[in-house]
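First comes the structure, then the notes that go with it.
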Amino acid sequence: MTELVGLADVRAARELLAGVTRTTPLEPSRPLSAVLGGPAWLKCENVQRAGSYKVRGAYVRISRLSAEERERGVVAASAGNHAQGVALAAGLVGTHATVFMPVNAPLPKVAATKGYGATIELVGNTVDESLVAAQTFAERTGAVFIHPFDHPDVIAGQGTVALEILEQCPDVKTIITGVGGGGLISGMAVAAKALRPDVRVIGVQAASAAAFPPSLMAGAPVRLPSFSTIADGIAVGRPGELTFTHVRKLVDEIVTVSEEDISRALLMLLERGKQVVEPAGAVGVAALLAGAVEVQAPVVAVLSGGNIDPLLMLRVIEHGLAAAGRYLRVTVRCSDRPGQLASLLHEIAEHRANVVDVEHQRANPRLSLGEVEVALSVETRGVEHSDTLISALRASGYQVVFAGEG
């Protein structure tokens, strides 16, 4: 029988974290409140030290090591946030960290982890593969393995997020957060259910990397055969044994969201909330915007991290605009005669759409003699505006052979 972490453990973790982590702000969200018809708040762990909640659990775990264990050093595996949390915590405690990261880990996260003093090893294509390498390193060298989620100290540390939420929003009815291996939601559920059993605790996973739904159905942790998502921070192929037990007993519901849902949420948080959030940190908001779950307000959505690669942010913004119908890619065939391109662009301008780029092509075997193909990227005001533009182009005699939202 697996013993659950208790409220006393979470409170003890909070005492350890005093002066180490910050109490992150709880910000109101008007867009979410409008969608839900009641108060909605954002718990901004994206502005926590090292850019995510992960430092909470990492510090609690490492600070409890013996002097002899600290002398041997610590080792961890992570796509980025746990890596930074472990590196920062190790430096604060006075030990050395070696961190195994997937070869495709975001470069800013790799650089930040190095900046905190850790030694980096890039191994494997997924966090699961990096975990195996880290555990092998621990066995070979004697370094203490710091699991990213499946340890009581880590769970207790992450649970301090819920203690803050309950103090900042005493009338909260629903807490929703992203789920990877389950450490954050396990700790939060421990605290929330002990202090406010009526509060619903909901977890969200990316649909293309959702290991908890099949695991809960099977009654035991199940490994996904493959998974891929822009939300690298929650791309975990199998729940932990300990976290699975916590989720099964304490968490009310696990739902999933699409990549498009995540992109739209990131765009909304950036535009309307002025929040820089990584994809994994936005999945709770994505579920609320997409109507993936029914909730009672007041609702608190945890923005679990803000460590996003600027290049990924550019792609996500474009994807989010397309998913919201505000970035239209359209290919038009028209006759190859002087002034035709100017006429096409004038038609688009007449409908108050903004052309981002244009590609004019004659050498396509699908084209008839005297015909050209013009590929355009156009900014619009939304789906209705895009549909109106396409209809107008067709009404003017242009052959729209492809039109889509990405």
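The values are calculated or read from the model by the stated rules, or taken from the named source; none is laboratory data. Everything numeric in this text was worked out from a predicted model, so none of it was measured. In this analysis, Cβ positions are derived from the backbone assuming ideal geometry, glycine residues included, and neighbour counts consider all displayed protein chains. The area values use the complete protein model at the heavy-atom level, side chains included, leaving out ligands, DNA and RNA. Shrake-Rupley method; radii C 1.70, N 1.55, O 1.52, S 1.80 Å.
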Handout entry: Residue pairs meeting the criteria (Cβ under 7 Å; at least 6 apart or on separate chains; first under 15 Å from Glu371 (Cα atoms) and free of Cβ contacts under 8 Å to residues at least 60 places away in the same chain, in the range 337-359; second open to solvent by less than 50 Å² (accessible area, probe 1.4 Å) and among the aromatic types (Phe, Trp, Tyr))
Key = Leu344/Tyr398
Fill in the blank from the handout: Exception for Asp261 within (1) more than 12 Å from the chain's Cα centre (by Cα); (2) of a type in the set (D, E, K, R); (3) farther than 29 Å from Leu195 by Cα falls at (1)
Problem - Top-ranked residue of the range 191-222 - restricted to ones that are open to solvent by 10 Å² or more (accessible area, probe 1.4 Å) and in contact (Cβ under 8 Å) with a residue 40 or more places away in the chain, ranked as nearest to Thr256 (Cα to Cα) - result: Ala207
Completion exercise
Of the residues in the range 253-282, those that are touching a residue at least 24 places away in the same chain (Cβ under 8 Å) and more than 13 Å from Asn46 (Cα to Cα) number 16
Exercise for the section: May I ask you to list pairs of residues, at least six apart or on different chains, whose Cβ atoms are under 9 Å apart, with the first in the range 293-304 being in contact (Cβ under 8 Å) with a residue 12 or more places away in the chain and the second being of a type in the set (Phe, Trp, Tyr) and open to solvent by 10 Å² or more (accessible area, probe 1.4 Å)? Expected result: Pro298/Trp41; Val299/Trp41; Val300/Trp41; Ala301/Trp41; Val302/Tyr53; Ser304/Tyr53
Practice task
Restricting attention to the range 223-241, report how many residues are among the small types (Gly, Ala, Ser) and exposed (fewer than 12 other Cβ atoms within 10 Å of the Cβ).
Solution key: 1
Problem - Residue list for the range 49-69, restricted to those being of a type outside the set (Lys, Arg), touching a residue at least 60 places away in the same chain (Cβ under 8 Å) and surrounded by fewer than 24 Cβ atoms within 10 Å (Cβ to Cβ) - result: Leu65, Glu69
Practice task
Tell me, yes or no, whether the range 356-378 has at least one residue that is in a loop (DSSP other than H, G, I, E, B), over 29 Å from Glu259 (Cβ atoms), out of contact with any strand residue (DSSP E or B) (no Cβ under 6 Å at 6 or more places or on another chain) and modelled with pLDDT of 80 or more.
Solution key: no
Practice task
Give the number of residues within the range 309-350 that are under 19 Å from Val401 (Cα atoms), open to solvent by less than 30 Å² (accessible area, probe 1.4 Å) and assigned to a helix (DSSP H, G or I).
Solution key: 4
Fill in the blank from the handout: Considering residues that are open to solvent by less than 40 Å² (accessible area, probe 1.4 Å) and either acidic (Asp, Glu) or not in a loop (DSSP other than H, G, I, E, B) (or both), the number found within the range 260-277 is 8
Handout entry: Residues of the range 80-104 classified as at negative phi and open to solvent by less than 10 Å² (accessible area, probe 1.4 Å), total
Key = 12
Fill in the blank from the handout: Here the qualifying pairs (Cβ atoms under 8 Å; residues six or more apart or on different chains; first in the range 19-41 and closer than 12 Å to Val299 by Cα; second part of a helix (DSSP H, G or I) and open to solvent by 30 Å² or more (accessible area, probe 1.4 Å)) come out as Leu26/Gln168; Leu32/Leu289; Val35/Leu289; Pro39/Ser33; Ala40/Ser33; Trp41/Gln168
Exercise for the section: Select, from Val20, Val47, the only residue that is β-branched (Val, Ile, Thr), at pLDDT 95 or above and touching a helix residue (DSSP H, G or I) at 6+ places or on another chain (Cβ under 6 Å). Expected result: Val20
